[in-house]
């Protein structure tokens, strides 16, 4: 059975899209797992990278919410594993976001319950091991649809600033509300993204997060290798084997695997 993980924080700029881009390829390279990335953010950061070399389907996540078969909106992500090699498929698929997702009135006209059932069947039929959902920070209607009908786990990336930490209370309120519809929804963990080990503020923020029961002590560094790999549309798994960014994402994947259901 697939583990369905939403990457969510009520504050933007926390590294959700970076994780959605890199984690599926870490699981593919380490374990041979198959993943689906669902981009819910109308900025389309995840899907623009994952589908940069793909033939994009006519349909998007918005169409799936409105009743279209998820298969018609799903494309294979193609990336290069080495410099100057042709992009290839590494067991990662993607359903792209759409600017229509910003329109609450349009979303309310969708087939919400049917969406959850159709997506669950599609995930099962395609034997995905992991589903990563890149969530928008403030889209209340879409967040409710995803948390109520699809999500199992919530993975919370934090940027190293106090605003990110103080936003945690808002996040908990949203999750508690979602649990009234989906009691099985749980926080898989919180972790610090864009971490600078030589910065006193980052160390202080890490100390605050360590007090959280669900903290995953696996900070993702603010490093040039992650920035470069993102710019080159090359997942960190295939970029500089000994890089700190790659090692950190692999450690995070190991934590996720331990916390997830078999």
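Computed from the coordinates by the stated procedures, all read-outs in this text should not be read as laboratory data. No experiment lies behind these values; they were computed from the predicted model shown. Reconstructed Cβ throughout: ideal geometry from the backbone, glycine too, with neighbour counts over all protein chains shown.
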> Pick from 166, 74, 60: which residue has the top mean-square fluctuation in a GNM of the chain where Cα pairs under 10 Å get a spring?
Replying inline: 166
> To two decimal places, what compactness ratio does the chain give when its Cα radius of gyration is scaled by 2.2 N^0.38 Å?
Replying inline: 0.95
>> Suppose only helical runs count, i.e. DSSP H with n ≥ 4. What mean residue ellipticity at 222 nm does that imply for the chain under -39500 (n - 2.57) per run, divided by all residues and rounded to the nearest 500 deg cm²/dmol?
In response: -12000 deg cm²/dmol
> Using only Cα atoms, what Kirkwood radius does region 55-201 have, in angstroms?
Replying inline: 17.4
> Hey, in the GNM for the chain with a 10 angstrom Cα cutoff, which one of 248, 104, 206 fluctuates hardest?
Replying inline: 104
>> Report, to one decimal in Å, the Kirkwood hydrodynamic radius for region 133-262 based on all distinct Cα pairs.
In response: 16.0
> Over region 3-259, what is the relative contact order in whole percent, taking alpha-carbon pairs under 8 Å and six or more residues apart?
Replying inline: 25
> Under a plain spin-label model, where a point goes 7 Å from the Cα along Cα-to-Cβ, how far apart in nm are residue 82 and residue 255?
Replying inline: 3.3
>> Taking the Cα centroid of region 15-82 and of region 144-199, what is the distance between the two, rounded to the nearest whole Å?
In response: 21
> Suppose R0 equals 51 Å; then what is the FRET efficiency for residue 1 and residue 200 from their Cβ-Cβ distance, rounded to the nearest 0.05?
Replying inline: 0.70
>> Quick check on the chain: of the DSSP beta bridges with both residues there, what percent are antiparallel, nearest 5%?
In response: 15
> For residue 172 and residue 55 in one chain, what is 0.36 nm times their gap in residues minus the Cα-Cα distance, to one decimal in nm?
Replying inline: 38.3 nm
